[in-house]
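These notes are about the structure you will find just below.
Values quoted throughout were computed directly from the atomic coordinates according to the rules given, and no laboratory measurement underlies them. As the structure is a prediction and not an experimental result, all values here were calculated from the model.
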Amino acid sequence: MKSSNLNHYFIGSLVIFFVGLVVWFFFNIPPVSGKAHVEIGNNRIEVEIADTPLSRIQGLSGRASLPEKSGMLFIFSEPDIQRFWMGDMRFPLDMIWINGDTVLEVVTLQPPSPQAPVPESWTSKEPADKVLELNAGLAEKLGIVAGSKIVITR
């Protein structure tokens, strides 16, 4: 075999190995890290926890809907400017930026247009260590506003 053929064979084998590793990784790690409850005022919301890189990347993408009074809570190791996008989202969301036990901001987002070449992204205005995603309109219905206090129970 010529040297260039061996190089192509070696590179091809590496690519197949890494693709297999990525597929194994994605299918063998649960998309969420567990469940908890978030209490805001007199309201109790069941949430899925997204606190790993993979679970945060996946988020709610690809789902057809979210049960009423439930959501996904993204937890980060420290407060920072957080950036989210609505890639492969199929329903509108309320995005609630949180730092510590205080709601910083509530934003309602629509899923991207199928014609959009790249989904729009949203960035927190202040450092946040948590982001809560709910069905659009639920935050207003429950009276969740900037300054609201939250309690997380696992």
task = For Lys35, list the lysines whose Cα falls under 23 Å from its own Cα; do not include residues on the same chain fewer than 8 positions away.
result = Lys69, Lys130, Lys141, Lys149
inquiry  = What whole-number distance in Å separates the alpha-carbon centres of region 101-120 and region 41-87?
reply    = 13 Å
Computed Kirkwood radius, in angstrom, where 1/r is averaged over Cα pairs of region 35-153 = 14.2 Å
